[in-house]
1. Could you work out the percent of alpha carbon pairs in region A:24-69 separated by over 18 Å, rounded to a whole number?
2. Tell me the Kirkwood hydrodynamic radius of the protein assembly as shown in angstroms, computed as one over the mean inverse distance between distinct C-alpha pairs.
3. Comparing A:T74, A:T36, A:T85, which has the greatest mean-square fluctuation in the GNM of chain A with Cα pairs linked when under 10 Å apart?
4. Could you grab the relative contact order for region A:1-136? Cα pairs under 8 Å, six or more apart, rounded to a whole percent.
5. Looking only at other chains, what is the average number of their beta-carbon atoms within 10 angstrom of each beta-carbon in A:129-139?
6. Partner chain Cβ atoms within 10 Å, averaged over the residues of A:105-118 - can you pull that number for me?
7. If you place +1 on the Cβ of every Lys and Arg and -1 on the Cβ of every Asp and Glu, how big does the dipole about the Cα centre of the protein assembly as shown come out, in debye to the nearest 20?
8. For peptide A:96-102, what's the mean number of Cβ atoms from other chains within 10 Å of each residue's Cβ?
There are 2 protein chains.
Amino acid sequence: MSATELQELLHARGNRVTPQRVLIHETLVELDRHATAEQVLERVSKRLPNASLPTVYAALELFEELGLVRRVDTAGGAAIWDPRTDGHPHFVCDRCGAVEDVDAPLEAARALSAARGQGLHPSGAELVLTGLCRSCARAAR
Amino acid sequence: MSATELQELLHARGNRVTPQRVLIHETLVELDRHATAEQVLERVSKRLPNASLPTVYAALELFEELGLVRRVDTAGGAAIWDPRTDGHPHFVCDRCGAVEDVDAPLEAARALSAARGQGLHPSGAELVLTGLCRSCARAAR
DNA sequence: GTCGCTGCAAAGTATTTGCATAGCC
DNA sequence: GGCTATGCAAATACTTTGCAGCGAC
């Protein structure tokens with residue numbers, strides 16, 4: 001998504017186009033990879049030294065409503081914000097907490113329809129695998 | 001799992017059989033439903049007034065290693081501990097945070113093998129759906 | 001000019017850790 | 001009796017909230 005498209009999206013909802021929001025969005029696009037709020041701030045701070053963590057959280061939450069990012073909660077550690085729009089599973093290392101994308105489709109269709117059958121109104125699905133990442137598996141041996 | 005089996009399992013690993021552990025396990029079996037650490041403590045406290053939250057966490061973590069419960073992290077809210085041994089998806093309400101079991105199989109086979117193909121060593125999978133629960137969907141209208 | 005957004009500080013929530021003591025083995 | 005698990009308190013990590021001032025529109 002371009003900066004122009006972001007502007008239109010924000011205007012359409014009556015939200016203001018602030019340098020912080022533009023920059024945070026740009027950072028997500030540049031990273032092209034999930035990141036924690038802290039990591040986003042780190043990059044944003046280079047060009048906007050006074051930016052704050054609450055602002056980053058507010059912007060990410062807004063972007064989530066806009067469908068631009070997905071928030072993924074990883075057991076214990078910090079949540080990650082993923083700019084990939086396709087649903088894909090994530091892997092979280094039990095030992096070091098590292099998060100990695102898993103290259104596979106999501107396969108949540110049956111769960112979603114089962115949930116609807118139970119009277120729920122699901123809008124999203126997250127599949128999180130846990131275990132040991134490469135380096136931690138090696139260290140454990 | 002019976003209390004006797006728990007004892008054997010603990011002994012086999014060199015862990016002690018304490019009243020707290022037995023009671024926490026019993027509570028999980030009685031509940032037969034996912035619960036937060038706080039909810040477990042609440043019930044345990046009725047019979048063991050001095051029981052503490054750190055002890056509950058320690059026991060739940062131990063039981064997780066023993067394969068007796070699964071920890072499920074729900075966005076933002078407290079983690080839940082699920083005594084069901086079959087993998088099944090969970091639904092978390094975006095608005096009120098309520099957690100509900102989804103009655104469907106897990107379907108993580110492709111994700112698991114993809115992860116292995118990426119050199120990871122997955123040992124578990126959690127599928128979490130988000131959206132609005134019955135009452136929140138009704139309130140939103 | 002108005003009103004939403006930001007930055008700062010502080011609060012809040014969930015979970016973990018340090019340490020002395022109790023109690024299982 | 002030795003040593004692990006417990007209970008208490010405090011620390012930690014992450015995220016959210018309150019509020020005054022700034023700046024987008």
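1. Values: 179 of 1035 pairs.
Across region A:24-69, Cα pairs with separations above 18 Å total 17 percent.
2. 20.8 Å
3. A:T85
4. Reported relative contact order: 18 percent.
5. 5
6. 6
7. On the way: 32 positive and 38 negative charges, 66 e Å.
The dipole magnitude comes to about 320 debye.
8. Rounded to a whole number, the mean comes out at 3.
Values quoted throughout were computed directly from the atomic coordinates according to the rules given, and no laboratory measurement underlies them. The structure displayed is predicted, hence computed values, not measured ones. FYI the Cβ positions are ideal-geometry reconstructions off the backbone, even for glycines, and counts take in every protein chain you see.
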